[in-house]
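J.: Handing you a structure now.
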Amino acid sequence: MKILVTGSAGHLGEALIRSLKSKEDELIGMDIKTSAHTMHVGSISDRGFVRRCMSGVDAVLHTATLHKPHIATHTRQDFIDTNVTGTLILLEEAVSAGVKTFIYTSTTSTFGDAMRPATGEAAVWVTEELQPKPKNIYGITKIAAENLCMLVNRNLKLPCIILRTSRFFPEDDDDWGKRESYSNENLKANELLFRRVDIQDVVKAHRLAIDKAQEIGFDRFIISATTPFKRSDAIELGIDAPSVLERYVPNYLQEYIRRGWTMFPSIGRVYDNAHARNKLNWTPDYDFHRVIERLSKGEHYQSPLSREVGIKGYHETSFADGPYPVD
């Protein structure tokens, strides 16, 4: 199978190229930036370039995007050009080239303000049924691109799977308060309870999506580490998250004390990946239980792949007040 990976110089694009290469599958990377994993350098908004790259392709893994970190440094039109127009061009050229499968990497950021309870209120239980309320141009354009995939599937019969991934980047958080209160590893370990996923598990979801796309046709899936929490915990999570966690992972506290780590006092949202586990047969390996198990053995909480890909950053420039400027 010949697989085209857009955004091959990025975190996920590189991880896909590294992981999915095999005797059976040929991986072709394309990106606007040069990299060791990029075979074709150019823009996804350039139709001629995309058409040349699409020749002979069986499946497209579309990870290229402008991200939330670009909001303060790029115009809204830039986001439209890349995230919407670029996706449309890829979809249309995929149909013209006879591509069999199109996998679109979206984001849980599309839910936006639908995931913002007031202080002390119950945590929002986030499933694919939650109505998105995008709060910025990033979320708006990702939803628009998702809907283009749905339209092309409906009218042109290209199997399209949407994977709404939660956080998997290793960079420092953009929230100054969180950076001051928690170490980077502490923060990211906490997030695996409810809003983070290891990049190795994201790669696994993309492989399964390729295999299942013909059967499914079109669907959206939340890709996030499996939470130990239940929907019935939502009220208490919004008030006293550590007490809830001790019921499910009682040995976490000893390891956290040993490391000088702390748990968030409350949790305002929980991503539920049940739909992906049931329909894609996806089983993420790196959840909070696995984190505590690995840490207690003196191992790193992240997968080897996550550490191999490493920190890339989103800008050529460094910023004094964080990993990227916040709009």
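The values are calculated or read from the model by the stated rules, or taken from the named source; none is laboratory data. Predicted model only: the values in this text are computed from it and were never measured. FYI the Cβ positions are ideal-geometry reconstructions off the backbone, even for glycines, and counts take in every protein chain you see.
J.: Which pairs turn up if I take residues in the stretch 290-305 that are in a helix (DSSP H, G or I) and look for partners that are modelled with pLDDT under 95 and crowded, with 17+ Cβ neighbours inside 10 Å with beta carbon separation below 6 Å, at least 6 apart in sequence or on another chain?
T.: Val291/Tyr301; Arg294/Tyr301; Leu295/Tyr301
J.: Right, another one. Which condition number in (1) over 23 Å from Ile311 (Cβ atoms); (2) assigned to a helix (DSSP H, G or I) is the one that Leu16 fails?
T.: (1)
J.: Something else about it: Please go through the stretch 20-58 and give me each residue that is assigned to a helix (DSSP H, G or I) and at pLDDT 95 or above, ordered by number. Walk me through how you get there before you give the answer.
T.: Residues of the stretch 20-58 assigned to a helix (DSSP H, G or I): 20, 47-54.
Listed by number, the residues that qualify are Arg47, Gly48, Phe49, Val50, Arg51, Arg52, Cys53, Met54.
J.: How many residues, within the stretch 66-100, are modelled with pLDDT under 95 and acidic (Asp, Glu)?
T.: Residues in the stretch 66-100 being modelled with pLDDT under 95 and acidic (Asp, Glu): 0 in total.
J.: Would you be able to tell me the number of residues in the stretch 63-93 that are more than 21 Å from the chain's Cα centre (by Cα), farther than 15 Å from Asp46 by Cβ and in a helix (DSSP H, G or I)?
T.: Qualifying residue count for the region: 2.
For every residue, the table says whether it meets (1) touching a helix residue (DSSP H, G or I) at 6+ places or on another chain (Cβ under 6 Å); (2) surrounded by 21 or more Cβ atoms within 10 Å (Cβ to Cβ); (3) of a type in the set (Ser, Thr, Tyr).
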residue	(1), (2), (3)
Ile103	yes, yes, no
Thr110	yes, yes, yes
Arg116	no, no, no
Thr119	no, no, yes
Arg195	no, no, no
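J.: For the stretch 247-265, state whether one or more residues are under 18 Å from the mean Cα position of the chain (by Cα) and either at pLDDT below 95 or closer than 25 Å to Glu128 by Cβ (or both).
T.: Within the stretch 247-265 (the criterion being under 18 Å from the mean Cα position of the chain (by Cα) and either at pLDDT below 95 or closer than 25 Å to Glu128 by Cβ (or both)), the answer is no, since none of the residues qualifies.
J.: Where in the stretch 129-214 are the helices (runs of 4 or more DSSP H), entirely inside, with at least 2 residues that are of a type in the set (Lys, Arg)? First the steps, then the outcome.
T.: Values: elements: 137-156, 176-181, 184-191.
Here the list reads 137-156, 176-181.
J.: Among the residues that make up the stretch 24-47, is at least one of them touching a residue at least 60 places away in the same chain (Cβ under 8 Å) and among the aliphatic types (A, V, I, L, M)? Write out each step before concluding.
T.: Quick first cut of the stretch 24-47, residues touching a residue at least 60 places away in the same chain (Cβ under 8 Å) only: none.
Scanning the stretch 24-47 turns up no residue that is touching a residue at least 60 places away in the same chain (Cβ under 8 Å) and among the aliphatic types (A, V, I, L, M).
J.: Which residues, counting only those in the stretch 128-178, are of a type in the set (D, E, K, R) and either on the phi > 0 side of the Ramachandran plot or over 17 Å from the mean Cα position of the chain (by Cα) (or both)?
T.: To start, the set of residues in the stretch 128-178 that are of a type in the set (D, E, K, R) comprises 128-129, 133, 135, 142, 146, 154, 157, 164, 167, 171-175, 178.
Once the filter is applied, which keeps residues that are of a type in the set (D, E, K, R) and either on the phi > 0 side of the Ramachandran plot or over 17 Å from the mean Cα position of the chain (by Cα) (or both), the stretch 128-178 yields Glu129, Lys133, Lys135, Arg154, Lys157, Asp175, Lys178.
J.: Take the residues in the stretch 201-241 that are of a type in the set (S, T, N, Q) and crowded, with 20+ Cβ neighbours inside 10 Å, then tell me which one is farthest from Asn153 (Cα to Cα).
T.: Of the stretch 201-241, the ones of a type in the set (S, T, N, Q) are 214, 224, 226-227, 232.
Filter once more, so that each one left must be crowded, with 20+ Cβ neighbours inside 10 Å: 224, 226-227.
Numbers: Ser224: 25, Thr226: 29, Thr227: 31 Å.
If we take residues in the stretch 201-241 being of a type in the set (S, T, N, Q) and crowded, with 20+ Cβ neighbours inside 10 Å, then Thr227 is farthest from Asn153 (Cα to Cα).
J.: Filtering the stretch 149-170 down to residues that are crowded, with 19+ Cβ neighbours inside 10 Å and of a type in the set (A, V, I, L, M), which residue is farthest from Ser96 (Cα to Cα)?
T.: Ranking the qualifying residues of the stretch 149-170, first place goes to Leu163.
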